[in-house]
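Here is the structure we will look at, set down as structure tokens.
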Amino acid sequence: MNDKIISAVDGYFETLYDLNRNLITFCGTHAFKDDRWKYHRHIQEIICAIPQIVPYVHQKSSDKYVISEKDGLSEFSDEICFLREGYNTILKDHTDFLVRIKELRNKYEHQMHCVEFRSTGGGTNQLFYLVYRTPKGTTTLYSNEFIDLVKDINVLFSEIQKEIHEYVYIRAQQYDPYCQRLLRYDFSDFNKIYDSSILRIVGKAFLPF
């Protein structure tokens, strides 16, 4: 850990924090009212944010997705010893979902009109599912895929927070306003909400009245 890394993580932490809030909020929407259509922007923001947080790219030579060594926080993989393995584990455990996310994100970025939000639903086993149509065909995303991925990202970023806390404590910088902002909320605490029986209730509380 060093000052350069601490200066660099702010945008990633803010993006992940907003991603969690968007996901929890959308978990409070209702399948059979206009909620999910009205608040779909939360999911769209999540789809666009995930590749910013997990820097995976398509490698043409192998026709596979890999973690980029130069994008995102991967730049600091040599200084944060667990980061490279953490990213690779996330990619390995969620490859299929991340590929679908990347395809939709690319369309949102370059040809937004080519992403058609077709339908939504939910049930006992899924808080929600979303069906999209693009020129490549139909894509379905499920709530448990979002939650499982984001929980793993939260654990990884919580470890980064621990490294930052140790670094600033040794240097008596723990009361610096910027450092306090980075450490104010442990990302792993979001997982307690996802694992609780009141996830949907919390999500509803985040929706506008």
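The values are calculated or read from the model by the stated rules, or taken from the named source; none is laboratory data. As the structure is a prediction and not an experimental result, all values here were calculated from the model. Note that each Cβ is placed from the backbone with ideal geometry, even for glycine, and that neighbours are counted across all protein chains shown. Note: accessible area is taken over every heavy atom of the protein model, side chains too, but ligands, DNA and RNA are not part of it. Shrake-Rupley method; radii C 1.70, N 1.55, O 1.52, S 1.80 Å.
Things to note:
- Straightening the chain between SER68 and ARG84 buys 4.8 nm, computed as 0.36 nm per residue apart minus the Cα-Cα spacing.
- Which listed pairs, of LYS92/LYS136; LYS4/LYS60; LYS60/LYS107, have C-alpha distances above 27 Å, in listed order: LYS4/LYS60
- Spatially proximal aspartates and glutamates relative to LYS204 (Cα-Cα < 19 Å; intrachain offsets below 8 disregarded): ASP18, ASP34, ASP35, GLU45, ASP189, ASP195
- Rounded accessible area per residue of the chain, 1.4 Å, Å²: 54 Å²
- Net charge in the neighbourhood of GLY122 (other residues with Cβ under 13 Å of its Cβ; Lys, Arg +1, Asp, Glu -1) is +2.
- Secondary-structure-derived ellipticity at 222 nm for the chain, considering helices only, amounts to -17500 deg cm²/dmol, per-run term -39500 (n - 2.57) for DSSP H runs with n ≥ 4.
- Each label point was placed 7 Å from the Cα along the Cα-to-Cβ direction; for PHE32 and ASP96 their separation is 2.9 nm.
- Euclidean distance of C-alpha centroids, the range 70-89 and the range 163-199, integer Å: 19 Å
- Reduced Cα scattering model of the chain, Debye log10 I(q)/I(0), q = 0.10, 0.12, 0.15, 0.16 Å⁻¹: -0.46, -0.66, -1.00, -1.11
- Contact order relative to length of the range 55-182, as percent, for alpha carbon pairs under 8 angstrom and 6 or more apart: 13 percent
- Dipole moment magnitude, nearest 20 debye, the range 75-140 about Cα centre, only Lys, Arg, Asp, Glu C-beta charged: 500 debye
- Of the DSSP H helices in the chain, those whose Cα atoms cover at least 30 Å axially and whose Kyte score averages -1.0 or more: 143-170
- Coil-residue chymotrypsin sites (Phe, Trp or Tyr not before Pro) of the range 73-182, DSSP, other Cβ within 10 Å capped at 13: PHE82, TYR175
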